[in-house]
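Colleague: Take this structure first; my questions come after.
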Amino acid sequence: MSYDSCIILSSIAMNNSIFYLNSLLIYKLARSFGLSDVKSYQAALLYTLNPASIFMSVGYTESLFSFFVILGLLIRESDSQWYFLCICLAAGVRSNGTTLVFFIVYDHMLCMVKSGGLLVVNLVCMAVQVGVSVAPFFCFQNHLSELYCSGEYNGSSWCDKDFRISYGYIQSKYWGVGLFKYWQLKQLPNFLLAAPLFLVVGVVMVTWCRSAISSSNKAVFSRNILLDLSSIINFQLAGYIHLVLLTLLGLVAMHVQVVTRFLVANCPFSFLCTVFS
């Protein structure tokens, strides 16, 4: 067997092993929310049978990325702030991991709202954790800048900017990604391909809002609505907000046919929410 064949088979074996491990972590994550054994099993099964599972089984980065995401959320559920290290590792595997800093910001903002003090301490801790989490992304961008913005390679417009980020430039020029750029009649089949997930997210959000409002026993527009809801479903509130933000991002500024893979790997709530509901 050739060296290339060994690399391909090894990557497939490794990713399938991580994919299996991820399903176990999903089960543990669901159990940590207080869900029953049956509900937790259903959550793991949904993850295993999700439409994007093919990307988890081949020689690709999705399985490893999803592993760090799920592990980080599981650590977060245990009330440990060290989950930001998993976000750092996830961002090192895929740039999508930078979106997970939302949980860091949410947790510290919520802590400041609840405690009413230690503002400076929380802000410093939040800044450090966010900085560490996004460091791999910016380190890689700096590497690309040194590689392609000097000597004979210097020719791309992003090299002329003071803050050199190649990601947006490549996405826009070579992939045609941008705000509402994909909203074309010829892309309607791709929107139909992603429609089931958009529909699930919409239905779940309506169901969750009704349940949260009913449980809070207070007016939705009261001054303490964030406290009221977070005291009941702290983790779920952050997860649902994160899910909505990623869904909106996928709807208006991405190739919509990759939204399913994007949400499944980046936000376990894209399928866990069906179990919660």
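The values are calculated or read from the model by the stated rules, or taken from the named source; none is laboratory data. Not measured: the values here are computed from a predicted model. Virtual Cβ from ideal backbone geometry, glycine too; neighbours counted across all protein chains shown. With ligands, DNA and RNA removed, areas are computed over all heavy atoms of the protein, side chains included. Shrake-Rupley method; radii C 1.70, N 1.55, O 1.52, S 1.80 Å.
Colleague: Over the chain, average the accessible area per residue using a 1.4 Å probe and give it in Å², no decimals.
Modeller: Dividing the accessible area of the chain by its residue count gives 54 Å².
Colleague: Mean separation of Cα pairs under 8 Å and 6+ residues apart, divided by the residue count of the range 46-123: what relative contact order is that in percent?
Modeller: So the answer I get is 19 percent.
Colleague: Against the longest principal axis of the chain, how steep is helix 62-77, in degrees 0 to 90 to the nearest 10, with axes from Cα atoms?
Modeller: 30 degrees
Colleague: Here is a further query. Lys181 to Thr61: FRET efficiency via 1/(1 + (r/R0)^6), r the Cβ-Cβ distance, R0 22 Å, to the nearest 0.05?
Modeller: My answer for the efficiency is 0.35.
Colleague: Specify which residue in the list Val200, Cys149, Gly239 is farthest towards the positive end of the charge dipole of the chain, using unit charges on the beta carbon of Lys, Arg (+1) and Asp, Glu (-1), about the Cα centre.
Modeller: Val200
Colleague: Give the ranking of His255, His108, His143 by solvent-accessible surface, highest area first, calculated with a 1.4 Å probe.
Modeller: His143, His255, His108
Colleague: How do Asp37, Asp162 rank by accessible surface area computed with a 1.4 Å probe, from largest to smallest?
Modeller: The most accessible residue leads, giving Asp162, Asp37.
Colleague: How large, in percent, is the carbon and sulfur part of the accessible surface of the chain at a probe radius of 1.4 Å?
Modeller: 67 percent
Colleague: How would you classify the range 149-209 from its alpha-carbon gyration tensor, with a ≥ b ≥ c the square roots of the eigenvalues: rounded for a/c under 1.5, else prolate if a/b is greater than b/c, otherwise oblate?
Modeller: Note, shape of the range 149-209 comes out prolate.
Colleague: Something else: So I have (1) 20.5; (2) 22.0; (3) 19.3, and one of them is Kirkwood radius over Cα pairs in Å calculated from this model. Which one is it?
Modeller: The listed entry that was calculated here is (1).
Colleague: Run the numbers on the chain and let me know its relative contact order in percent, using alpha-carbon pairs under 8 Å that are six or more apart.
Modeller: 20 percent
Colleague: Right, next: Tell me whether the range 41-189 comes out rounded, prolate or oblate; compute the Cα gyration tensor, take square roots of the eigenvalues as a ≥ b ≥ c, and use a/c under 1.5 as the rounded threshold.
Modeller: Cα axes put the range 41-189 in the oblate bin.
Colleague: Right, another one. Is there a quick way to get the dipole size of the chain? I mean about its Cα centre, with the Cβ of Lys and Arg at +1 and of Asp and Glu at -1; what is the value in debye to the nearest 20?
Modeller: Once rounded to the nearest 20, the dipole reads 660 debye.
Colleague: Taking a Cβ-Cβ separation under 4.7 Å as the criterion for a possible partner, which cysteines of the chain have none?
Modeller: That list is Cys6, Cys86, Cys88, Cys111, Cys125, Cys139, Cys209, Cys267, Cys273.
Colleague: Angle between the Cα long axis of helix 101-115 and the longest principal axis of the chain, 0 to 90 degrees, nearest 10?
Modeller: Helix 101-115 sits at roughly 30 degrees to that axis.
Colleague: Would you please classify the overall shape of the range 1-86 from the alpha carbon gyration tensor, given that a ≥ b ≥ c denote the square roots of the eigenvalues, rounded means a/c under 1.5, and beyond that prolate means a/b larger than b/c while oblate covers the rest?
Modeller: The shape class here is oblate.
Colleague: Starting from the Cα of Ile165, step 7 Å along the direction of its Cβ; do the same at Asp37; then give the gap between the two resulting points in nm.
Modeller: The modelled label-to-label distance comes out at 4.7 nm.
Colleague: Would you mind checking the tilt of helix 37-48 against the longest principal axis of the Cα atoms of the chain, expressed as 0 to 90 degrees and rounded to 10?
Modeller: For 37-48 against the chain, the angle is about 20 degrees.
Colleague: Hey, another quick one. Give me the one-decimal nm value for the distance between modelled label points at Ser78 and Asn16, 7 Å along each residue's Cα-to-Cβ direction.
Modeller: 3.0 nm
Colleague: Separate question: Rounded to the nearest 0.05, what FRET efficiency do Met112 and Val132 have when you use their Cβ-Cβ distance and R0 = 22 Å?
Modeller: The pair Met112/Val132 has a calculated efficiency of 0.65.
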